[in-house]
Amino acid sequence: MDFRLTTADEAFRDEVVTFLDEAVTPEMRAKNYRGDHLRHDERVAWFAQLNARGWMAPGWPKAFGGAAWTPIQRMIFDEACSKAWAPAGISPGVVMLGPILIAYGSAAQQAHYLPRILSGEDWWCQGYSEPGSGSDLASLQTRAEREGAGYVVNGQKIWITQAHVSTMMFALVRTSTGQTKQAGISFLLIDMTSPGITVRPIRTLNNEAEICEVFLDNVRVPVENLVGTEGDGWTYATQLLEHERSAVGNINRARASLDRVRDIAGAQRRGSATLLADPVFAERLARLEIRLEAARFMQLRAVSDAEAGQRPGRESSLLKIVGSELSQEIAHLAMTAAGYAAIEQSSNETRNYFDSRKLSIFSGSNEIQRNIVAKRILGL
Amino acid sequence: VDFSLTPEQALIRASVERFVADSYAAPQREAIAASDDGFSREHWATFADLGWLRLLAAEDDDGFGGGALETMIVMEAFGAGLVAEPFVPSVVMASTMLAGAPGATAAQLRAEAAAGTRLLAIAYAEAEAGYDPAAVSTRARRQGDAFVVDGQKIAVPFGASIDTLLVSARTAEPDATRAGVTMLAIDARAAGIERRDYVTYDARRASDVTLDGVVVPITSVIGAVDDGLPLLDAALDRGTAAVCAEAVGAMGVLLRDTVGYLQSRSQFGRPIGTFQALQHRAVDMLVQLELARAITTHAAAAVDAGADDERRRAVAAAKVHVADSARTIGESAMQLHGAIGITEELAIGAYVKRLAVIEREYGDPAFALGRYVHAAGRG
């Protein structure tokens, strides 16, 4: 057992930190620190910088233009980004679609789409959920019927992050009704500029409208946009969710958010001291710091296991539960630390609190994660 | 970063697990609990033979040179088997405290402890001190070449069987640099010592010890006069980290047994493990177990790294978390078993009792939380 970074890993970290010093402007840092959502052009500009450095796709193999980082390098990068208040997350095309195209896409699809994901020419959104198919995703109804050289897609998708700025959508559609709900689901790549697509942003409690509803009305999709085999889309998608899940655990971001809670509380005068010295507040803060430390070491262990060649599947659900619930607690503590200022409609802390509620709902609600853990890990 | 065991660590684990499997089935454990000592001297001799009593001794002291990570490995297996022998008080805490102390007395005690012929325990807790090791009212007055010790210590583990007590005593008022506490090695059968022995809730043993004019030669000082608190502080952190690992082992068994019960018990015509409310509670047990294991490993690494502040902070954090996790897991195990979960019929009863005692050992979570906040520089 040795929990230190190797010299090579430390050198890598220094390289990342140096890059971030340059790349994250004070303005962007301030925005991320407050929790403001970035404008799409700001996000695109950030990813262009990553791409120029060859760091756009941390986990992809080199042959496809990825950085091919080890799990530890990816963790180091993520940690450094959180610490520097760089924009959160990886582009959805990189983290969710890329691995599937690399594993199951045709050579033509790989050659066409992967470079466009890296360059930012395409911006992808994920078309999975439907009004009647949330946690029970496999019950989805959007139909794709074969007609000539393509499919005609009809249906409705919902809870699609950034659909309004996306140029492409990867979607699960029903191509046949099979023996099980899962059979007959196919994985399609849909051009968002196709006729018949209507996007309606939905306002959320954080006063943003980043999540959208997408209506598909006789949308024509060429057959070469089918990924893998018709009817096998469910298998590809569940694998996708696993990748997504390990990305949304967000434990490094939670750590930075807790730094911010300390900043806020340290600036709140309470007589001759600050809120940090208030025993009730101090206890709540300490408990969250402690949980975070445990979560961080749990993540480190998962990374070390991944380094040793194990897939992230086993622990990704646990880390998603732990990371999301912790982030939500921290968001609530930040709102608490803000005091009366949190009642203002323009309060960052209150907005961030409401924003954090999504963490236990999306990419498989925490109840679904618990079902998965009960079945796959505990054998119940 | 590497969480895998070294070959030596894997060997220790295999050897301890084999011992537990061979010697610590429930009937054997119960027989040991009912014995006079509350632990097995035969097993203690085995520990000596296997070299476990030298696990933490330096290599040039004929030891294995292990640290907190090796302790963690041993204690997790001990926790899974509810091993009662006083490994934490004697080996992890007392012997290691002596290892940092010069002088012939310390060397001799250390050698006899490693050979298994002398049992040691630190006597630090006092009735009015809460869990604070610095709140010492036991006094040691200098008299020629000796100290005369008066006071009372409580909750000395296996006090009736201990040969030498390492007692914290006040020798001066605290000042800016030193707490005025001195550690003294005192023969447990010295004149002026009285004990009240009792059985603890986990079927182990402890004693309250009264010292009335006990005369101790000056050669019995462990470390420096007036400056024994740092030694005690470090020993308590080692002990705390060790019982956290013990708790992780015990919690693992509780989860395993509870899942087994959920699979085998049927109600309404199907295994109760198919009910979602129960599944989710079991998953929360697993989440707590994994978090407790993670923070315990983190604490062990901090103990080995050796920086005092970080060690204090990390160990206190582990104690807070592990105690919380132990409550969640223990209470869920009882609840998910239903009525039989609160009886002596199943092994889980012995585990939840042990966890309730561990919650308090070397400082309860409220004390640990205060220590954490202090070590983090906030009050």
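The values are calculated or read from the model by the stated rules, or taken from the named source; none is laboratory data. The shown structure was predicted, so the numbers you read here are calculated from the model rather than taken from an experiment. Cβ: placed from backbone, ideal geometry, glycine included. Neighbour counts: every protein chain shown. These area figures cover heavy atoms from the full protein model, side chains too; ligands, DNA and RNA do not enter into them. Shrake-Rupley method; radii C 1.70, N 1.55, O 1.52, S 1.80 Å.
When you scan the stretch A:206-230, how many residues do you find that are of a type outside the set (Asp, Glu), at pLDDT below 95 and surrounded by fewer than 18 Cβ atoms within 10 Å (Cβ to Cβ)?
2
The conditions are (1) more than 10 Å from every other protein chain (Cβ to nearest Cβ); (2) open to solvent by 10 Å² or more (accessible area, probe 1.4 Å); (3) over 23 Å from residue B:374 (Cβ atoms), and residue B:312 fails exactly one of them. Which is it?
Checking residue B:312 against (1) more than 10 Å from every other protein chain (Cβ to nearest Cβ); (2) open to solvent by 10 Å² or more (accessible area, probe 1.4 Å); (3) over 23 Å from residue B:374 (Cβ atoms), the one that fails is (3).
Any residue in the stretch B:211-231 that is closer than 29 Å to residue B:21 by Cα, within 22 Å of the chain's Cα centre (by Cα), of a type outside the set (S, T, N, Q) and at pLDDT 95 or above?
no
Among the helices (runs of 4 or more DSSP H) lying completely within the stretch B:12-106, list those that include at least 2 residues that are at pLDDT below 95. Give the steps one after another, and end with the answer.
On the way: elements: B:26-34, B:41-50, B:68-81, B:96-99.
Here the list reads B:96-99.
Conditions (1) part of a helix (DSSP H, G or I); (2) touching a residue at least 12 places away in the same chain (Cβ under 8 Å); (3) not hydroxyl-bearing (Ser, Thr, Tyr), marked per residue:
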| site | (1), (2), (3) |
| --- | --- |
| A:259 | yes, no, yes |
| A:262 | yes, yes, yes |
| A:281 | yes, yes, yes |
| A:288 | yes, yes, yes |
| A:291 | yes, yes, yes |
| A:296 | yes, yes, yes |
| A:299 | yes, yes, yes |
| A:304 | yes, yes, no |
| A:309 | no, no, yes |
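Restricted to the stretch B:364-379, and to residues that are assigned to a loop (DSSP other than H, G, I, E, B) and in contact (Cβ under 8 Å) with a residue 24 or more places away in the chain, which residue is farthest from the other protein chains (Cβ to nearest Cβ)?
Top of the filtered list is B:364.
What residue, of B:291, B:262, is of a type outside the set (Gly, Ala, Ser), in contact with a Gly (Cβ under 8 Å, 6 or more places away or on another chain), more than 25 Å from residue B:127 (Cα to Cα) and crowded, with 23+ Cβ neighbours inside 10 Å?
B:262
Filter the stretch B:88-108 down to residues that are in contact with an Asp or Glu (Cβ under 9 Å, 6 or more places away or on another chain) and buried (at least 23 other Cβ atoms within 10 Å of the Cβ), then give me how many there are.
The qualifying residues number 1.
Select, from B:25, B:31, B:10, B:14, the only residue that is within 14 Å of another protein chain (Cβ to nearest Cβ), without any contact (Cβ under 8 Å) to a residue 40 or more places away in the chain, open to solvent by less than 70 Å² (accessible area, probe 1.4 Å) and not polar (S, T, N, Q).
Only one candidate qualifies: B:10.
Within the stretch A:51-65, restricting attention to residues that are at pLDDT 95 or above and touching a Pro at 6+ places or on another chain (Cβ under 9 Å), which residue is most open to solvent (accessible area, probe 1.4 Å)?
The qualifying residue most open to solvent (accessible area, probe 1.4 Å) is A:64.
Against the conditions (1) under 23 Å from residue A:36 (Cβ atoms); (2) under 21 Å from the mean Cα position of the chain (by Cα); (3) aliphatic (A, V, I, L, M), where does residue A:302 fall short? Just the number, please.
(1)
Filter the stretch A:279-295 down to the residues that are within 8 Å of chain B (Cβ to nearest Cβ) and surrounded by fewer than 19 Cβ atoms within 10 Å (Cβ to Cβ), then identify the one that is nearest to residue B:322 (Cα to Cα).
A:283
Being in a helix (DSSP H, G or I) and either farther than 20 Å from residue A:298 by Cα or open to solvent by 10 Å² or more (accessible area, probe 1.4 Å) (or both) is the filter here; which residues of the stretch B:265-285 pass it?
Selection gives B:272, B:273, B:274, B:276, B:277, B:278, B:279, B:280, B:281, B:284.
Taking the stretch B:315-363 as the region of interest, how many residues are acidic (Asp, Glu) and within 13 Å of another protein chain (Cβ to nearest Cβ)?
Going through the stretch B:315-363 one residue at a time, the tally reaches 1.
For the stretch B:271-309, what are the residues that are more than 7 Å from every other protein chain (Cβ to nearest Cβ) and acidic (Asp, Glu)?
Answer for the stretch B:271-309, where residues must be more than 7 Å from every other protein chain (Cβ to nearest Cβ) and acidic (Asp, Glu): B:284, B:304, B:308, B:309.
Considering only the stretch B:326-337, how many residues are buried (at least 23 other Cβ atoms within 10 Å of the Cβ) and farther than 20 Å from residue A:380 by Cβ?
Counting residues in the stretch B:326-337 that are buried (at least 23 other Cβ atoms within 10 Å of the Cβ) and farther than 20 Å from residue A:380 by Cβ gives 1.
Is it the case that residue B:53 is touching a residue at least 60 places away in the same chain (Cβ under 8 Å), out of contact with any His (no Cβ under 6 Å at 6 or more places or on another chain) and within 14 Å of chain A (Cβ to nearest Cβ)?
No; evaluated as a whole, the condition is false for this residue.
Taking the stretch B:131-168 on its own, how many of its residues are out of contact with any strand residue (DSSP E or B) (no Cβ under 9 Å at 6 or more places or on another chain) and at positive phi?
Number satisfying all stated conditions: 1.
So for the stretch B:172-182 (the condition being closer than 30 Å to residue B:40 by Cα, of a type outside the set (Val, Ile, Thr) and modelled with pLDDT of 95 or more), does at least one residue qualify?
No, the stretch B:172-182 has no match at all.
Take residues that are among the hydrophobic types (A, V, I, L, M, F, W, C) and tell me which of the strands (runs of 3 or more DSSP E) falling wholly in the stretch B:143-238 contain 3 or more.
The qualifying strands (runs of 3 or more DSSP E) are B:146-157, B:164-170, B:181-187, B:205-217.
What number of residues within the stretch A:132-163 are of a type in the set (Ser, Thr, Tyr) and farther than 19 Å from residue A:183 by Cα?
1
Tell me, which residue of the stretch A:255-274 that is within 11 Å of another protein chain (Cβ to nearest Cβ) and not small (Gly, Ala, Ser) is nearest to residue A:320 (Cα to Cα)?
A:262
Is there a residue being open to solvent by less than 50 Å² (accessible area, probe 1.4 Å) and at pLDDT 95 or above anywhere in the stretch A:33-44?
no
Out of all the residues in the stretch A:319-336, which are away from chain B (no Cβ under 14 Å) and open to solvent by less than 40 Å² (accessible area, probe 1.4 Å)?
Kept after step one, since they are away from chain B (no Cβ under 14 Å), are these residues of the stretch A:319-336: A:327-328, A:330-336.
Answer for the stretch A:319-336, where residues must be away from chain B (no Cβ under 14 Å) and open to solvent by less than 40 Å² (accessible area, probe 1.4 Å): A:327, A:328, A:330, A:331, A:333, A:334, A:335.
Pull out all pairs, ordered by first then second residue, where Cβ-Cβ is under 8 Å, the residues are six or more apart or on different chains, the first lies in the stretch A:1-14 and is within 11 Å of chain B (Cβ to nearest Cβ), and the second is in a helix (DSSP H, G or I) and among the polar types (S, T, N, Q).
A:1/B:9; A:1/B:297; A:3/B:297; A:9/A:73
Tell me, yes or no, whether the stretch B:240-261 has at least one residue that is among the acidic types (Asp, Glu), closer than 25 Å to residue B:357 by Cα and away from every other protein chain (no Cβ under 13 Å).
yes
Among the listed residues B:140, B:45, B:113, B:77, which satisfies the condition of being buried (at least 22 other Cβ atoms within 10 Å of the Cβ) and within 26 Å of residue B:351 (Cα to Cα)?
One residue alone meets the criteria, B:77.
Step by step: first the residues of the stretch A:337-380, then only those that are within 14 Å of chain B (Cβ to nearest Cβ) and outside any helix (DSSP H, G or I), then the one that is modelled with the lowest pLDDT. Which residue is that?
A:364
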